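Below is one structure, written out as structure tokens, with a few remarks after it.
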Amino acid sequence: MPNVKAIVCTKYGPPEVLQLEELDKPEPSHDQVRIRVRATTVTSSDCIVRGFKLPITLWLSARLVLGIRRPRKILGMVLAGDIDAIGRGVRSFKEGDHVFGFDPFAFGAYAEYKCMSERSVLAPMPSNLTYAEGAAIPYGGMLALHFLKKGQIRSGQKVLIYGASGAVGTSAVQLAKHFGAEAVGVCSSNNFGLVSSLGADAVIDYRKEDFTKRGHVYDLVFIAVGKRLHPPSREECKRTLAEDGAYVSVDGGRPKLPIENLLLLKQLAETGKLNPVIDRVYPLEQIVEAHRYVDTGHKKGNVVITVA
């Protein structure tokens, strides 16, 4: 009998295509754990898939992967919750463990239960965080960490983060400080206080000043928002790079998401060096409203969904 609530994407389109349904509870396979999801987030990637907001050159391949008429899978990339069942071959986890994780390919977190392999990007949740705070770490944290490492961030560098108030940007500012760099955030003036509180050494209002024309030089420029928000181009950013400076963007290829990075984020969260930023919290039943808000492009940090 169907007994698990989940959000189903009935077709590609606006937030209203998301509907609450009841499904059968999933059963973990040999190497899987079943997680009672307590919190997830609405990421920009979830909204891109839901609305099929992709370049036309990717339409055919994306439809083949995601689904022809609608996504084949329940959306939701990140989660925090409790393990309530394990497969016979599982050795890394036990029932009752509090965990958080990131599953950008299978999705499935917009539901009361989700199964994941013990070898996936899944780890014990930071002991000092709530479920909502735990769910707000993996997406922005993993992406920020990947691209900062790709840019070969080092202590003493001057790093500019464009989109410093978003899920990726708020993590990037804190991680840049962890690596010993000087962090300059670019966002709207409404978010100056937030970005400064995360450790930014300076903040620039992108609506009033073009950082590429200020005459300042940076060792690393990280564009932490997608092309849909029209950030400066790579060529424009080159004007402000040091001679051996690096440019990285969240649109720059498929990121690597090793479990080691999630474990580092856990450690940083537990020591107070990485604080999750939550803009709004919605219950699962209000997923449509949450997607509408994220679609505006003006969220600060993360939009969390609680799963009662």
Original post:
Would a scan of the stretch 99-111 turn up a residue that is on the phi < 0 side of the Ramachandran plot, surrounded by 20 or more Cβ atoms within 10 Å (Cβ to Cβ), acidic (Asp, Glu) and not in a helix (DSSP H, G or I)?
Top reply: yes
**OP:** Look at Phe147 and say whether it is in a helix (DSSP H, G or I) and touching an Asp or Glu at 6+ places or on another chain (Cβ under 8 Å).
**Re:** no
**OP:** From Ser189, Ser249, grab the single residue that is touching a residue at least 40 places away in the same chain (Cβ under 8 Å) and of a type in the set (Gly, Ala, Ser).
**Re:** Ser249
**OP:** Tell me, please, whether a residue that is small (Gly, Ala, Ser) and within 23 Å of Arg280 (Cα to Cα) can be found in the stretch 22-34.
**Re:** no
**OP:** From the list Thr306, Thr296, Thr271, pick out the single residue that is among the β-branched types (Val, Ile, Thr) and under 17 Å from Leu75 (Cα atoms).
**Re:** Thr306
Subject >> Residue ID - farthest from Thr41 (Cα to Cα), chosen from residues in the stretch 160-183 that are hydrophobic (A, V, I, L, M, F, W, C) and surrounded by fewer than 24 Cβ atoms within 10 Å (Cβ to Cβ) >> reply: Ala181
Original post:
Just a yes or no: is a residue in the stretch 30-43 over 25 Å from the mean Cα position of the chain (by Cα), in a loop (DSSP other than H, G, I, E, B) and modelled with pLDDT of 95 or more?
Top reply: yes
Subject >> Residue list for the stretch 119-138, filter: surrounded by fewer than 24 Cβ atoms within 10 Å (Cβ to Cβ) and assigned to a helix (DSSP H, G or I) >> reply: Tyr131, Ala132, Glu133
Original post:
Restricting attention to the stretch 162-201, and to residues there that are among the hydrophobic types (A, V, I, L, M, F, W, C) and assigned to a loop (DSSP other than H, G, I, E, B), which single residue is nearest to Leu264 (Cα to Cα)?
Top reply: Phe179
Original post:
For the stretch 109-141, what are the residues that are closer than 23 Å to Gln286 by Cα and under 15 Å from the mean Cα position of the chain (by Cα)?
Top reply: Ala109, Tyr110, Ala132, Glu133, Gly134, Ala135, Ala136, Ile137, Pro138, Tyr139, Gly140
**OP:** Kindly establish whether Glu235 is without any contact (Cβ under 8 Å) to a residue 60 or more places away in the chain, assigned to a helix (DSSP H, G or I) and exposed (fewer than 13 other Cβ atoms within 10 Å of the Cβ).
**Re:** yes
Original post:
Within the stretch 267-308, how many residues are crowded, with 18+ Cβ neighbours inside 10 Å and either of a type in the set (Gly, Ala, Ser) or in a loop (DSSP other than H, G, I, E, B) (or both)?
Top reply: 10
**OP:** Could you please find all residues in the stretch 203-228 being loosely packed, with under 15 Cβ neighbours inside 10 Å and either outside any loop (DSSP other than H, G, I, E, B) or under 24 Å from the mean Cα position of the chain (by Cα) (or both)?
**Re:** Asp205, Lys213, Lys227, Arg228
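The values are calculated or read from the model by the stated rules, or taken from the named source; none is laboratory data. Just so you know, these numbers come straight off a predicted model, no measurement behind them. Glycine also receives a Cβ, built like all others from the backbone with ideal geometry; neighbour counts cover every protein chain displayed.
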